[in-house]
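Accompanying notes for the structure given below.
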Amino acid sequence: MTTYQDNPPQTFSLTIPNNSIENVLGYYVKVTDTGTTIIHRKYKKDDVIRDAFIGEIPKKGNYKPTIVSSTEETQYFSGTLNATNLIRNQAVPVVNRGIDGNAGGGISKINTILGTNLAPSPPPGPGATESGQNPDPNFNLSTIQTGGVVGSATPNEKFEKILKYPLHESKGYDYLKINILEYVPSGIPQLSDANLGTLDVEQRKTSILGTIFLPMQPGISDSASSSWNEDNLNPVQAAIGGLAGNIINAGGAIDIKRGLEELQRAAGGAQSIIQNNPILGQFIDNYFAQQIVGSNLFARSTGAVINPNLELLFNGPKMRTFNYNYRFTPRDDKEAKVVRSIIKALKKNSLPKKDPNGLFLKTPNVFKLKYVFGKNGKEEEHPYLNKIKVCALTDMNVNYTPDGSYSTYNDGSMTSYTVSLSFSELNPIYYDDFDDNSIDTPTTGY
């Protein structure tokens, strides 16, 4: 696939109202030969200039954000006029300049690649004026009507609402943000690939199907654990293992001639060691006998045991689970409907989807959790709490009568609900997930 891009990238300034990403230096685009406009953000964090792939606009389709796209960026580029103007003003010049700026694409190339995206201007999307160049400065996420159901059985169906509880919260409070994401499988790496590992969930292209904002709860915690197991390697096992390794490592295959030479050399060395340590000869005699009878003959006959060279060895990482317990107490009919929608959205998106023929089940949608520090009015990651990777909602319990009796309002909504949620990360955390060598940076890491 051919990609049209400037080298180095030519960033452009773009003001996205109330963007929660600080120190944005600009944006730049790349264009594939299939007409997809890829959007990158340049920004500064911890005194380091960073580059983030935030999403793409297909030739026939709407903006598809990655998980690093802020809520405000997603809202902005999902606006049809904003997306069209971005393509006209930024993607067209990139294609015209050609690959790495060396060979012009030309008008015919522009029409071929971006023709569908250069249709007459549609009505403006959220946060855009008729010109598309000067977004409404009063546009804010808080003005979006809450309610509705998040998620869809159709992967490409867009979610249009943001669910927030409580509805009438005071500004500047901290909260848990839950993005509902379409699950994207990792694929199977090929032997020809430079990296044989599977792609981390955080790096896969996905779509945000909806967002839920919930208040912070007591008992916030995280864990970091790995699996370690005891392992033995007695001298006989070590000698046999070393001998096998020498034979097999000769050209990467078993070499019979070399194997006989190694056996002869090993036999000579063993004879010398046994002469200097008679008890070792007795151990070898008993070792193979006790493999047959299953009894420790050596310990019974000598009162000694072979040194097992016991060591605790790393076995692998462990997954983490995050548990939350929420009590929802609606204060009016609007808040009651929002609570109902939140419960339904979480429940629905945690369940598998049937294919049209009912033969296969598709993986449920997944969730990206983020602790937000809201004191300065921006959507910043909490500087003193942990980060969480993309999760599956593995368990959800709803109690509709948490006070021990059946109680409703006049419209039938329950006076109170308790919801228990258990999220499990799809990938373990690694040393490399901490983005620099300094530990004196915001958040406590993963």
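Here is how the numbers come out for the structure above:
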{"read-out": "Test for Asn286: is it in contact with a helix residue (DSSP H, G or I) (Cβ under 7 Å, 6 or more places away or on another chain), modelled with pLDDT under 90 and polar (S, T, N, Q)", "value": "yes"}
{"read-out": "Yes/no for Glu335 being touching a helix residue (DSSP H, G or I) at 6+ places or on another chain (Cβ under 8 Å) and closer than 22 Å to Asp174 by Cβ", "value": "no"}
{"read-out": "Residue check, Thr394 farther than 26 Å from Gly210 by Cα and either part of a strand (DSSP E or B) or among the polar types (S, T, N, Q) (or both)", "value": "no"}
{"read-out": "Unmet requirement for Tyr431, which otherwise passes all of (1) surrounded by 11 or more Cβ atoms within 10 Å (Cβ to Cβ); (2) closer than 27 Å to Gly316 by Cβ", "value": "(1)"}
{"read-out": "Long-range neighbours under 9 Å by Cβ, at least six apart or interchain, first residue farther than 19 Å from Asn82 by Cα and not assigned by TED's automatic domain parsing to the domain that holds Val31 within region 1-20, second outside any loop (DSSP other than H, G, I, E, B) and of a type in the set (A, V, I, L, M)", "value": "none"}
{"read-out": "Condition check for Val419: surrounded by 15 or more Cβ atoms within 10 Å (Cβ to Cβ), more than 15 Å from Phe328 (Cα to Cα) and not acidic (Asp, Glu)", "value": "no"}
{"read-out": "Qualifying position, being of a type in the set (Lys, Arg), assigned to a loop (DSSP other than H, G, I, E, B) and under 29 Å from Glu22 (Cβ atoms), among Lys370, Lys375", "value": "Lys375"}
{"read-out": "Residue check for Asn62: out of contact with any strand residue (DSSP E or B) (no Cβ under 7 Å at 6 or more places or on another chain) and either in a strand (DSSP E or B) or under 25 Å from Glu202 (Cα atoms) (or both)", "value": "yes"}
{"read-out": "Condition check for Asn246: modelled with pLDDT under 70, under 24 Å from Asp51 (Cα atoms) and either assigned to a loop (DSSP other than H, G, I, E, B) or not hydrophobic (A, V, I, L, M, F, W, C) (or both)", "value": "no"}
{"read-out": "So Val24, is it farther than 18 Å from Gln203 by Cβ and modelled with pLDDT of 85 or more", "value": "yes"}
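Here is a yes/no grid of residues against (1) part of a helix (DSSP H, G or I); (2) at pLDDT 80 or above; (3) touching a Ser or Thr at 6+ places or on another chain (Cβ under 6 Å):
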site: Lys44; (1), (2), (3): no, yes, no
site: Ile49; (1), (2), (3): no, yes, no
site: Ile54; (1), (2), (3): no, yes, yes
site: Ile67; (1), (2), (3): no, yes, no
site: Glu73; (1), (2), (3): yes, yes, no
site: Asn82; (1), (2), (3): yes, no, no
site: Asn85; (1), (2), (3): yes, no, no
site: Arg88; (1), (2), (3): yes, no, no
site: Ala91; (1), (2), (3): yes, yes, yes
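The values are calculated or read from the model by the stated rules, or taken from the named source; none is laboratory data. Predicted model, so just to flag it, every value in this text is computed and none were measured. Cβ: placed from backbone, ideal geometry, glycine included. Neighbour counts: every protein chain shown.
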